[in-house]
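Undergrad: Mind having a look at this structure? Questions to follow.
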Amino acid sequence: MTNKKPEEKLVDAICLLAVPGVGRGRYHRLVRALGGASRVLHASSRELERVAGISTAVANEIKSNFDPEQARQTATRIVELGWQVLFPDHPDFPKGLLNIPEGDIPPVLFAQGEVLSDASAVSIVGTRHPSEEGRLFAYNLAGSLAKAGITVVSGMAEGIDSAAHRGAIDAGGKTVAVWGCSLDIVYPPSNKKLAAQIKKNGTVFSEYLPETTPDRPHFPERNRIISGLSEGVVVVEAGMKSGALITAEQALVQGRELFAVPGRPGAKMSEGTNELIKKGARLLTSVEDIFEELPRLKGKVLTKKFRQLPDMTDIEKKLVDRFTEGPQQIDDLARQVGLPVSEVMEFLLALELKGVVRELSGKRFVLCEEMA
């Protein structure tokens with residue numbers, strides 16, 4: 001990759017993405033093959049055509065149809081607005097988004113607030129027109145996740161999304177909103193106060209350039225980011241044509257766990273969630289269903305608690321970190337931390353005496369609270 005200044009790198013990215021025929025997939029292939037957007041823009045037609053999926057027509061568009069001056073003005077505006085600019089190779093680019101299909105990875109992501117790049121997160125989505133019971137369920141579920149140290153992700157739409165963000169904030173936790181417009185336009189306008197609260201208690205993300213209005217196609221498109229940021233996606237209430245079902249589809253494509261809250265048969269806003277359950281989504285009635293399906297999330301929460309013990313050594317803390325995925329076998333632990341089995345056994349015995357871990361059969365150990 002080139003070592004350009006961030007603003008110059010942004011100008012090159014804006015130029016390349018504006019070329020007709022260059023979408024996210026081709027952008028990533030070109031940048032990976034040639035070493036950066038700048039090199040793509042200055043490559044010969046022959047070099048461009050050597051890249052998989054780049055036709056002569058697309059190569060000609062790249063050579064003749066980009067506007068560096070317009071891109072520079074846009075980049076300057078982004079800097080003036082104070083947006084954080086995250087490319088996939090930036091250390092703060094969300095790790096979860098690097099593990100989705102390449103054509104879905106945002107070439108550049110804009111952020112405001114505290115960037116939670118590697119947080120353990122669960123998405124809560126649903127209809128814009130929920131029942132009061134559905135709204136309250138989303139609010140309480142988000143609060144339970146936030147109190148457990150889990151970041152709540154949603155789209156800041158009216159209804160279930162807004163209830164989830166507020167539940168996380170009111171519980172003193174972190175939340176992330178992904179917008180279907182640029183960061184200089186708050187949508188819906190009624191959520192202006194909520195947007196400011198989210199920025200103080202987490203992150204607002206968008207992949208759109210300044211003055212990009214909340215057009216209808218943007219919302220299904222941004223849903224892949226909502227699910228990509230998360231380890232699990234919860235659909236609270238949704239009709240059969242709800243946009244939340246697009247997020248559910250993205251969760252399955254991306255290998256995320258999918259949960260759906262059951263509703264009363266015949267209720268319009270439960271048709272979508274009940275259908276998801278029939279098709280294999282995990283039925284969810286409480287936060288414990290999430291922890292049961294994703295024990296690594298609960299493991300991370302327990303690890304945070306144990307880190308606060310004053311008499312744990314650095315090696316003991318390192319070992320406890322390994323239990324975030326559940327029970328661990330002593331030989332595997334030894335390989336992971338690079339110590340002889342005999343030494344690891346001594347540390348584990350010390351942790352057992354402190355009430356942190358407990359031995360199971362087969363030389364396996366588990367965090368004590370996971371035994372409950």
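The values are calculated or read from the model by the stated rules, or taken from the named source; none is laboratory data. Quick caveat, the model's predicted, so the values are computed rather than measured. Ideal geometry is used to build each Cβ from the backbone, glycine not excepted, and the neighbour counts take in all protein chains shown.
Undergrad: So which helices (runs of 4 or more DSSP H) are wholly in region 1-107 and hold at least 3 residues that are more than 26 Å from S182 (Cβ to Cβ), of a type in the set (A, V, I, L, M, F, W, C) and not assigned by TED's automatic domain parsing to the domain that holds D118?
TA: 56-64
Undergrad: Another question, then. With the structure loaded, tell me whether A138 is modelled with pLDDT of 95 or more, under 26 Å from P295 (Cβ atoms) and in contact with a Ser or Thr (Cβ under 8 Å, 6 or more places away or on another chain) or whether it fails that test.
TA: Here the answer is no, as A138 does not meet what is asked.
Undergrad: In addition: V51: free of Cβ contacts under 8 Å to residues at least 40 places away in the same chain, among the hydrophobic types (A, V, I, L, M, F, W, C) and either farther than 26 Å from T76 by Cβ or touching a strand residue (DSSP E or B) at 6+ places or on another chain (Cβ under 6 Å) (or both), yes or no?
TA: Answer is yes for this residue.
Undergrad: For a quick check of your reading of the model, give me the residue pairs whose first member lies in region 126-138 and is crowded, with 18+ Cβ neighbours inside 10 Å, whose second is among the small types (G, A, S) and assigned to a helix (DSSP H, G or I), with beta-carbon atoms closer than 6 Å and at least 6 apart or on different chains.
TA: Pairs that qualify, where the first residue is crowded, with 18+ Cβ neighbours inside 10 Å and the partner is among the small types (G, A, S) and assigned to a helix (DSSP H, G or I), are G126/A244; R135/A163; A138/A163; A138/A164.
Undergrad: All but one of (1) touching a Pro at 6+ places or on another chain (Cβ under 6 Å); (2) under 16 Å from E158 (Cβ atoms); (3) in a helix (DSSP H, G or I) hold for E237; which doesn't?
TA: (3)
Undergrad: Scan region 331-365 for residues that are crowded, with 17+ Cβ neighbours inside 10 Å, part of a loop (DSSP other than H, G, I, E, B) and free of Cβ contacts under 8 Å to residues at least 40 places away in the same chain and jot them down.
TA: L339 - this is the single residue of region 331-365 that is crowded, with 17+ Cβ neighbours inside 10 Å, part of a loop (DSSP other than H, G, I, E, B) and free of Cβ contacts under 8 Å to residues at least 40 places away in the same chain.
Undergrad: Scan region 184-228 for residues that are part of a loop (DSSP other than H, G, I, E, B) and among the basic types (K, R) and jot them down.
TA: R216, the sole residue that qualifies.
Undergrad: Looking at region 197-214, which of the residues that are among the aliphatic types (A, V, I, L, M) and within 16 Å of S154 (Cβ to Cβ) is surrounded by the most Cβ atoms within 10 Å (Cβ to Cβ)?
TA: Ranking the candidates gives I198 first.
Undergrad: Related question: Could you list all residues from region 236-249 that are under 16 Å from the mean Cα position of the chain (by Cα) and buried (at least 24 other Cβ atoms within 10 Å of the Cβ)?
TA: A244, T247, A248
Undergrad: Can you name every residue in region 278-297 that is outside any loop (DSSP other than H, G, I, E, B) and touching a strand residue (DSSP E or B) at 6+ places or on another chain (Cβ under 8 Å)?
TA: R282, L283, D289, I290, E293, L297
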